[in-house]
1. Would you mention how many residues in the range 247-268 are assigned to a helix (DSSP H, G or I), surrounded by 13 or more Cβ atoms within 10 Å (Cβ to Cβ) and either of a type outside the set (Phe, Trp, Tyr) or within 30 Å of the chain's Cα centre (by Cα) (or both)?
2. For the subset of the range 413-461 comprising residues that are charged (D, E, K, R) and not in a helix (DSSP H, G or I), which member is nearest to ARG492 (Cα to Cα)?
3. Condition first: in a strand (DSSP E or B) and free of Cβ contacts under 8 Å to residues at least 24 places away in the same chain. Now tell me which residues in the range 323-351 satisfy that.
4. Can you list residue pairs whose Cβ atoms sit under 8 Å apart, with the first residue in the range 515-535 being more than 12 Å from ALA564 (Cα to Cα) and the second being of a type in the set (Phe, Trp, Tyr)? Count only pairs 6 or more apart in sequence or on different chains.
5. Report yes if GLU532 is outside the structural domain of GLY443 (by TED's automatic domain parsing) and surrounded by 15 or more Cβ atoms within 10 Å (Cβ to Cβ), otherwise no.
6. Whether any residue in the range 310-322 is among the basic types (Lys, Arg), at pLDDT below 80 and part of a loop (DSSP other than H, G, I, E, B) is what I want to check.
7. With respect to the numbered conditions (1) surrounded by 20 or more Cβ atoms within 10 Å (Cβ to Cβ); (2) touching a strand residue (DSSP E or B) at 6+ places or on another chain (Cβ under 9 Å); (3) among the aliphatic types (A, V, I, L, M), which one is the sole condition not fulfilled by ILE563?
8. Report yes if ILE238 is touching a strand residue (DSSP E or B) at 6+ places or on another chain (Cβ under 8 Å), in the same structural domain as LEU335 (by TED's automatic domain parsing), crowded, with 17+ Cβ neighbours inside 10 Å and under 20 Å from MET352 (Cβ atoms), otherwise no.
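The values are calculated or read from the model by the stated rules, or taken from the named source; none is laboratory data. Keep in mind it's a predicted model, so treat the numbers as computed, not measured. Here Cβ is always computed from backbone atoms with ideal geometry, including for glycine, and neighbour counts include all displayed protein chains.
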Amino acid sequence: MSAVVQPKSKHSGGAKSPSPAALNAAAASFAALTANLEYLSSDDIELVRRAYRFADEAHLGQLRNSGEPYITHPIAVAAQCAEWKLDAQALMAALLHDAIEDCGVTKAELIDRFGAPVAELVDGLTKLDKLQFNTREESQAESFRKMLLAMARDVRVILIKLADRSHNMRTLDDVPREKWARISKETLEIYAPIAHRLGLNQTYRELQELSFQHLKPWRYKVLSKAVAKARGRRRDLIHKVQREVEAAFESAGIDVRIAGREKTLYSIFRKMQDKNLSFAQVTDIYGFRLILPTVINCYTGLGILHQMYKPLPGKFKDHIAIPKSNGYQSLHTTLVGPSSVSVEFQLRTEAMHVVAESGVAAHWLYKSAEATTPGSERLGTKWLQSLLDIQDETRDAAEFWDHVKVDLFPDAVYVFTPKSQILALPRGATVIDFAYAIHSNVGDQTSGARINGDQVPLRTELKNGDVVEVITSPNAAPNPAWLGFVRTGRARSKIRHYLKTLAQAESEKLGERLLAQALRAEGLRNPPADDEAHQAMWEKLLRFTGNRTYPELLTDIGLGRRIATIVAKRLMALLAETGEKPDALMLSRERFTAHETVSQGAVTLDGSENSSVRFALCCRPVPGDEIVGYLGHGEGLVVHTADCGVGQRLRHRDSERFFAVEWADEPVRTFETGVLVTARNDKGVLARVAATLSAGEADITHVEMSEEAPQDSTDLRFVIAVRDRTHLDAVLRAMRRTPSVLSAKRIVPAP
């Protein structure tokens, strides 16, 4: 990695010359490397030694930022590759990986000395510093394109590259601090996900941890201390669980190797951030990994654990039957251990453990029948092959890298705008998330969408590669239902802000109408003016209700946080103190008509009230029905039909929260209601019923069919939108005349 290489001393007067002691240390390092090469033949070890000598000579005079001879870095990379039991060619390439880039050695020279395969590996690892690019991003994209394509042809390229990056991250303290953020960010965003995608879990965890340590040093130290304290507090508990598990498996006659598993600091940090948790709320910091002889033992062991401790619902995953895309296999279960502490267990075989820790490197690491099954041999090959397919479709480096990221980050979805701009969204993101990712105004005015040219519902989840077109309308507005399916924080916050602003204005308006109605029932035509003469009275009223301003009081009334009748009675009492009396004629008229559905003070509804008024789903009132209004706690006004059983029970329990409401002469929209259609099980009956509803200008918003076993007839439940009661009656008459329909009626709640 050239970022941590100092120039040769003959080119820089300030550079340190390597001392004999340092050179001896480098030689000793190779001696230490040879101790890890027992799996190679003596001829292969000699080839590796030749590569070492060549690299040592090529890097002579170069120092790392720590002052060590530069050759210590290639040796460390080769040592990591030796741990993965890579072959002699890979170890030679590891030792020579910076020779072309930093030492002026040509590819032809490497072919002549070490053969074409080694030269190809080194060339695949070489950056493109000699080429001129317009931007750093373009240079980086082209470097990754070359490296990934070489990796697709030979996976050893990326294994050597990951070993190289691991050692550079371990020695990052020696690099100038201003470079930490860039190198760590690149590692976290690119190399760690590649390691994860290829199943190299140990390397993946180490790269994440080292990147986190250098990106956020203070947070790293704080979390490190917190984990150390927690480890001390729970040591006895962990030991107790381990003893109990070992005893249970011993009595069952199953050999088991138990290892503790501690969550990495970075994964704790991410969980705290993503789920807005404190450290104390992260319960799965510690866990156990059980290595068992066979797959059957894994499932038997799972049964033993579930007999010992209570499993947490929804926390069991079978990655043995359904392996992850990178070949990972294990059983995962979270159990409630002693002292009600949640403990995660992972059960796997030895072969699965090697694959879980080393991924594609397991091909060299573990030569057993289980590890060399067809499934194991395909580890990562599908993704690697896809790189070559993508290259065939695009020659642009940046576009290639964008495509690769689609598969590289499984927790993200990459979709395109109609103009081919790529957007990254979390998995499960919908059309609405996409619209707000473009611009908040686009999100607010979304009325429809097309995916790959087809019209789709706004809640449709996006898939990698989708081309999404958002249809906007100046009259459209965010819907509260969107909050039920959006995934991104940006979309959620924008929708909530819009609805809160809208709800406040509408609730204030509704509160004003409800207070005016309650005051008329007390004999006051209009609320007192907010002037100097009534200032003291308003201050007393606001102290009584606990509000800061009159508009805030009206908003609370509209949301159901304050009862209009109680506020009105208190207001009249305060007016009486100043000598003002109610209008006797209005008082008698209001009380005379108080039992009527419609009175002079009734709140008129035309369907334009949006979030301040809801129509109850239990009875689904439509214009023409007799209705009553219930002011729910913080819910605004909920409208029920007068004969609704739910509404009647609420009235009996909480009568002071009911208000007179009436329909406007000309409602501005349609209203939903339920319809039950019983029909014979004839072919095409659903299509005929739907056609009748469409012909009657009734929109179908939901449909359900009976789940019972097929009989002579079936029940179809529709939710349809109609203009009023007259329109509904006409639709029901038309349904009854439809062939195969036995009956059609409106769904009403039980009394």
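1. Matching residues across the range 247-268 total 5.
2. Going residue by residue through the range 413-461, those that are charged (D, E, K, R) are 419, 427, 433, 444, 450, 454, 459, 461.
Now drop any that are not not in a helix (DSSP H, G or I), which leaves 419, 427, 450, 454, 459, 461.
On the way: LYS419: 25, ARG427: 15, ARG450: 21, ASP454: 25, ARG459: 14, GLU461: 16 Å.
The qualifying residue nearest to ARG492 (Cα to Cα) is ARG459.
3. Going through the range 323-351, the residues in a strand (DSSP E or B) turn out to be 331-336, 342-349.
Hit for the range 323-351 is HIS332, nothing else.
4. Short answer, once both residue conditions are applied: PRO528/TRP538; ASP530/TRP538; ASP530/TYR550.
5. Numbers: outside the structural domain of GLY443 (by TED's automatic domain parsing): yes; surrounded by 15 or more Cβ atoms within 10 Å (Cβ to Cβ): no.
In short, no.
6. First pass over the range 310-322, keeping only residues among the basic types (Lys, Arg): 310, 315, 317.
Imposing the further condition that a residue be at pLDDT below 80 reduces the set to none.
No, that holds for no residue.
7. Going through (1) surrounded by 20 or more Cβ atoms within 10 Å (Cβ to Cβ); (2) touching a strand residue (DSSP E or B) at 6+ places or on another chain (Cβ under 9 Å); (3) among the aliphatic types (A, V, I, L, M) one by one, ILE563 breaks only (1).
8. Values: touching a strand residue (DSSP E or B) at 6+ places or on another chain (Cβ under 8 Å): yes; in the same structural domain as LEU335 (by TED's automatic domain parsing): yes; crowded, with 17+ Cβ neighbours inside 10 Å: yes; under 20 Å from MET352 (Cβ atoms): no.
Against the criterion (touching a strand residue (DSSP E or B) at 6+ places or on another chain (Cβ under 8 Å), in the same structural domain as LEU335 (by TED's automatic domain parsing), crowded, with 17+ Cβ neighbours inside 10 Å and under 20 Å from MET352 (Cβ atoms)), ILE238 does not qualify.
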